[in-house]
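Each remark here refers to the structure printed beneath this line.
The values are calculated or read from the model by the stated rules, or taken from the named source; none is laboratory data. It should be emphasised that the depicted structure is a prediction, and the values quoted were computed from it without experimental measurement. In this analysis, Cβ positions are derived from the backbone assuming ideal geometry, glycine residues included, and neighbour counts consider all displayed protein chains. In case anyone asks, the SASA skips ligands and DNA or RNA and just uses the protein heavy atoms, side chains included. Shrake-Rupley method; radii C 1.70, N 1.55, O 1.52, S 1.80 Å.
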Amino acid sequence: MTSIAPENDRGLAGQTIFISGAGAGIGRGIAEALGAAGAHLALFDLDAAAIEAVAAPLLGQGLRVSCHAGDVTCADDVHAAIKQAVQHHQRLDGAVNNAGIVGASADVLDYPAEVFSRVMDVNVMGVLHCMQAELGVMKQQGRGAIVNIASAAAIIGWAGQSAYVASKHAVVGLTKTAALEYAAQGIRINAVCPAFIYTDLTAALFQTPGVHDAAVANHPIGRLGQPHEVAEAVMWLLSDRSSFAVGSSLVVDGASTID
Ligand SMILES: NC(=O)c1ccc[n+]([C@@H]2O[C@H](COP(=O)([O-])OP(=O)(O)OC[C@H]3O[C@@H](n4cnc5c(N)ncnc54)[C@H](O)[C@@H]3O)[C@@H](O)[C@H]2O)c1
């Protein structure tokens, strides 16, 4: 049995949560925070070694953790992972559809169409595949909570990032629609919209000189965010403490989208 420190009690102990893109960055931060809150986990990622590394210390804490390597753009991978996860854990209380990519940086006129398609495939079709697999289980259970990781780019524009912005607006649209369709069936579906968070994804962007400082200047709080700060919002939306939050897009952004 794992013991939960009072400050980590989010009402999620003993629940089973699926996380896509759990091998790095925000997904890894969510896995670690949920583990500290006593949740059992089903970790999904392209990178098998990365999720095994996330799982190892959590298994040491007495949690049940299953690892599922796969690609969210492949519906078969996702459905097989959810099926295996339910066989392993006997339940699926919540899911965090987090896997995503940023794509190229180019104005619309020059944006490579194949990259645009790839971004839509991972960020939108990936979330759709995950929700379809999760909803199949949650509908039977008559309960569940899904959190889709969108972005501040779902709220505002971002010059040079048309594919990413379009994909994240689509994630919010999918979230709102599915929320309406399943609210009466005991399944709550919400999104979280983080601004810049320090991860591998942003590290790649910050290799371009000036981008990091410009990003900080766009956040009135005076700094960028950390994965655990996104995890707090996700855990609230997964737990019964957010029981009346349905179809919302919770902004976690250091005030960067206000003006
Ligand atoms: N970092 C930010 O500033 C930021 C801000 C807002 C939203 N987001 C969103 O948060 C999510 C996570 O971003 P991050 O910064 O942690 O990224 P990251 O690149 O650090 O980690 C992403 C993880 O997802 C996995 N992944 C990528 N494509 C996959 C696929 N097709 N199938 C399965 N797994 C896949 C990667 O292997 C990696 O482990 C993304 O949806 C991203 O758009 C990030």
Checklist entry - Scanning the stretch 168-178 for residues that are open to solvent by less than 40 Å² (accessible area, probe 1.4 Å) and out of contact with any helix residue (DSSP H, G or I) (no Cβ under 7 Å at 6 or more places or on another chain), which turns out farthest from Ser242 (Cα to Cα)? => result Gly173
Next on the checklist: Any residue at all in the stretch 221-235 that's under 18 Å from Leu12 (Cβ atoms) and away from the ligand (no atom under 15 Å from the Cβ)?
Outcome noted: yes
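Given the structure, is Glu181 open to solvent by 60 Å² or more (accessible area, probe 1.4 Å) and closer than 16 Å to Val127 by Cβ? If you could, list the steps in order and put the result at the bottom.
On the way: open to solvent by 60 Å² or more (accessible area, probe 1.4 Å): yes; closer than 16 Å to Val127 by Cβ: yes.
In short, yes.
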Next on the checklist: Cβ contacts < 9 Å: first residue at pLDDT below 95, restricted to the stretch 6-18; second residue surrounded by 22 or more Cβ atoms within 10 Å (Cβ to Cβ) and among the polar types (S, T, N, Q), any location; separation 6+ or different chain. Result?
Outcome noted: none
Checklist entry - Out of the stretch 186-221, which residues are part of a loop (DSSP other than H, G, I, E, B) and either open to solvent by 60 Å² or more (accessible area, probe 1.4 Å) or free of Cβ contacts under 8 Å to residues at least 12 places away in the same chain (or both)? => result Tyr198, Phe206, Gln207, Thr208, Pro209, Gly210, Asn218, Pro220, Ile221
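Considering each of Met131, Met125 in turn, give the residue that is within 16 Å of the ligand (Cβ to nearest atom), of a type outside the set (Gly, Ala, Ser), touching a residue at least 12 places away in the same chain (Cβ under 8 Å) and open to solvent by 70 Å² or more (accessible area, probe 1.4 Å). Spell out how you get there, then give the answer.
On the way: Met131 fails: open to solvent by 70 Å² or more (accessible area, probe 1.4 Å).
Only one candidate passes the filter, namely Met125.
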Checklist entry - How do the pairs read when you match residues in the stretch 56-68 that are more than 13 Å from Glu32 (Cβ to Cβ) with residues anywhere that are open to solvent by 70 Å² or more (accessible area, probe 1.4 Å) and of a type in the set (Ser, Thr, Tyr), using Cβ under 9 Å and keeping only pairs 6 or more apart or on different chains? => result Gly62/Ser3
Next on the checklist: Filter the stretch 20-62 down to the residues that are more than 10 Å from the ligand (Cβ to nearest atom) and either within 21 Å of Ala203 (Cβ to Cβ) or in a loop (DSSP other than H, G, I, E, B) (or both) and list them by number.
Outcome noted: Ala31, Glu32, Ala33, Ala37, Gly38, Ala39, Ala49, Ala53, Gln61, Gly62
Checklist entry - If a residue has to be within 14 Å of the ligand (Cβ to nearest atom) and in a loop (DSSP other than H, G, I, E, B) to count, how many in the stretch 142-168 make the cut? => result 5
Checklist entry - With (1) farther than 30 Å from Ser162 by Cα; (2) open to solvent by less than 10 Å² (accessible area, probe 1.4 Å); (3) in contact with an Asp or Glu (Cβ under 9 Å, 6 or more places away or on another chain); (4) not polar (S, T, N, Q) as the list, and Cys67 as the residue in question, which single condition is left unmet? => result (2)
Checklist entry - Restricting the search to the stretch 158-167, which residues are open to solvent by 10 Å² or more (accessible area, probe 1.4 Å) and touching a helix residue (DSSP H, G or I) at 6+ places or on another chain (Cβ under 6 Å)? => result Trp158, Ser162, Tyr164, Val165
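Being within 16 Å of the ligand (Cβ to nearest atom), open to solvent by 10 Å² or more (accessible area, probe 1.4 Å) and free of Cβ contacts under 8 Å to residues at least 24 places away in the same chain is true for just one of Ala80, Ala75. Which residue is that?
Working: Ala75 fails: free of Cβ contacts under 8 Å to residues at least 24 places away in the same chain.
So the residue among Ala80, Ala75 that is within 16 Å of the ligand (Cβ to nearest atom), open to solvent by 10 Å² or more (accessible area, probe 1.4 Å) and free of Cβ contacts under 8 Å to residues at least 24 places away in the same chain is Ala80.
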Item to check | Matching residues, the stretch 227-246, being over 15 Å from Ser151 (Cα atoms) and surrounded by fewer than 22 Cβ atoms within 10 Å (Cβ to Cβ) | outcome: His228, Glu232, Trp236, Ser239, Asp240, Arg241, Ser242, Ser243, Phe244, Ala245, Val246
